[in-house]
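Derivation of every value follows stated rules applied to the coordinates shown; laboratory data play no part. Note that this is a predicted model, so its numbers are computed, not measured. Virtual Cβ from ideal backbone geometry, glycine too; neighbours counted across all protein chains shown.
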Amino acid sequence: MDDHNRSQWLAQIRAWAQELGFSHIGVSGVDLSSAEPQLLQWLAQGFHGDLHYMERHGLMRARPAELVPGTVSVITARMPYLPRGTAPGWPARERARLLNPDEGVVSLYARGRDYHKVVRQRLRRLCDRIETLAGPFGYRVFSDSAPVLEKELASRSGQGWRGKHSLVLSRDAGSMFFLGEIFVDFPLTPTEPVSAHCGTCAACIDVCPTGAIVAPGVVDARRCISYLTIENHGPIPEDLRPLMGNHIYGCDDCQTICPWNKYAEAADIPDFDERSPLVGQQLVDLFAWDEETFLKRTEGGPIRRINHERWLRNIAVALGNALRAADAPQAWKIRAALRRRADHDSALVREHVAWALAQGGAETIMDANPGRGDSDAG
């Protein structure tokens with residue numbers, strides 16, 4: 001196949017991809033050897049935390065042809081996930097949520113359907129169409145679902161550059177998109193990478209509540225709120241709990257502060273529209289969900305990645321943080337909600353509830369009896 005035909009193929013693949021909800025398609029080669037030293041250094045420093053699978057997979061992440069024998073090219077895709085109809089000024093509105101300590105904040109990407117399924121299903125549909133061009137071919141699709149250096153492949157293929165928050169960043173689309181890959185066994189001409197445009201801006205580094213961005217482009221997962229609330233199965237380190245504010249699943253702070261995200265694209269498909277039980281909800285109400293309610297209201301969404309136990313753990317931390325700033329009536333509500341979980345079957349939940357209750361200091365008479373105020377005197 002000559003270069004002209006390859007170019008025509010890519011144009012057709014991009015047109016089909018757009019119909020399926022993808023905003024951009026690129027192509028990368030399979031030689032990622034230059035990324036191996038940085039990967040090994042990141043692992044050696046322990047920045048992956050308890051993500052032990054990253055150690056087990058080792059350099060396979062940087063070797064697509066070993067992961068899927070016969071791979072010659074990698075088609076990369078990005079899919080926007082801001083809900084349809086998102087209005088300009090959304091970053092400021094999202095940051096305003098952080099100023100209301102009684103509201104539970106769920107990361108934007110987690111408010112709709114589970115992206116793993118959405119992206120992979122649509123990549124498979126794209127492969128069905130590619131087969132009409134190429135004939136039967138070997139392929140595998142991925143989206144945050146295997147030992148794949150997704151951000152490296154995306155940046156090499158021109159999806160964007162690696163921002164200082166380590167995410168792929170585009171001048172046209174910001175960073176609010178999912179990545180996906182198709183490993184294929186036929187050659188395509190790689191698309192050109194783009195230059196970086198962060199300049200001297202360090203807003204993402206400065207805003208990170210827990211200081212998880214330890215150098216430009218380097219994240220210590222052990223301090224990252226997304227890791228702590230999702231990937232971490234055990235207790236959240238006590239020194240980090242006060243820094244987490246009202247984040248209960250994931251964190252978008254480094255993205256909502258990024259100037260390039262004023263260009264972020266909204267999704268073309270309904271899968272990522274917000275599900276109302278997860279947006280603008282009070283912590284005390286979310287904490288009251290029993291396991292059946294949790295499973296029902298997170299059905300089909302990525303929050304199912306954590307169980308009810310870790311859901312309660314995360315909210316307990318946020319309630320503890322809210323308690324420190326609460327007035328007397330609100331403090332009473334928070335304490336009452338926490339006490340109802342104080343004898344929970346899970347030691348993990350009990351520990352975080354006890355910590356949260358301790359954040360209010362000594363309980364006042366008004367905390368214990370919110371109906372007794374000055375109006376009762378005399």
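Things worth noting here:
- Angle in degrees between helix 308-325 and the longest Cα principal axis of the chain, rounded to the nearest 10: 60
- Mean projected area of the Cα convex hull of the range 194-275, taken over all directions, amounts to 7.4 nm².
- Integer Hz, Karplus 6.51/-1.76/1.60 couplings in order for the range 284-297, x for Gly and Pro: 5, 6, 5, 5, 7, 4, 7, 4, 4, 5, 4, 5, 5, 7
- Measuring against 24 Å, Cα to Cα, the residue pairs 117/262; 117/296; 151/296; 117/164 contain 117/262; 151/296; 117/164 as the ones spanning a longer distance.
- Straightening the chain between residue 18 and residue 116 buys 33.5 nm, computed as 0.36 nm per residue apart minus the Cα-Cα spacing.
- Each residue of the range 152-160 was assigned a 3J(HN,Hα) from its phi angle through the Karplus curve 6.51 cos²θ - 1.76 cosθ + 1.60 (θ = phi - 60°); the sequence is 5, 4, 5, 5, 5, 9, x, 5, x Hz, with glycine and proline shown as x.
- 3J(HN,Hα) from dihedral phi, the range 214-231, Karplus parametrisation 6.51/-1.76/1.60, rounded to Hz, x for glycine, proline: 7, 6, x, x, 10, 10, 8, 4, 4, 10, 7, 4, 4, 5, 4, 8, 10, 7
- Potential extension, residue 45-residue 343 segment - 0.36 nm per residue separation minus Cα distance: 103.5 nm
- The magnitude of the dipole of the chain, with charges of +1 and -1 set on the Cβ of Lys/Arg and Asp/Glu and taken from the Cα centre, is near 260 debye.
- Amide H within-cut-off set for residue 158, under 5 Å, with H built and near neighbours excluded: 194
- For the range 3-281, the relative contact order works out to 29 percent when only alpha carbon pairs closer than 8 Å and six or more residues apart are counted.
- Computing FRET efficiency as 1/(1 + (r/R0)^6) for residue 201 and residue 276, where r is the C-beta to C-beta distance and R0 is 41 Å, gives about 0.75.
- Environment charge at residue 82 (Cβ cut-off 13 Å; Lys +1, Arg +1, Asp -1, Glu -1): -2
- For the chain, calculated [θ]222 nm from helices alone, where every DSSP H run of n ≥ 4 adds -39500 (n - 2.57): -10500 deg cm²/dmol
- For residue 188, no residue whose modelled amide H falls within less than 5 Å of its own remains once neighbours fewer than 5 places apart on the same chain are excluded.
- Amide H contacts of residue 82: 267, each under 5 Å away and 5 or more positions distant or on a separate chain (H built 1.01 Å from N in the peptide plane; Pro and chain starts excluded).
- Degrees, to the nearest 10: 115-134 long Cα axis against longest axis of the chain: 10
- Alpha-carbon centroids, the range 205-222 and the range 119-179: separation in whole Å: 24
- Using all pairs of distinct alpha-carbon atoms, the Kirkwood hydrodynamic radius of the chain works out to 22.4 angstrom.
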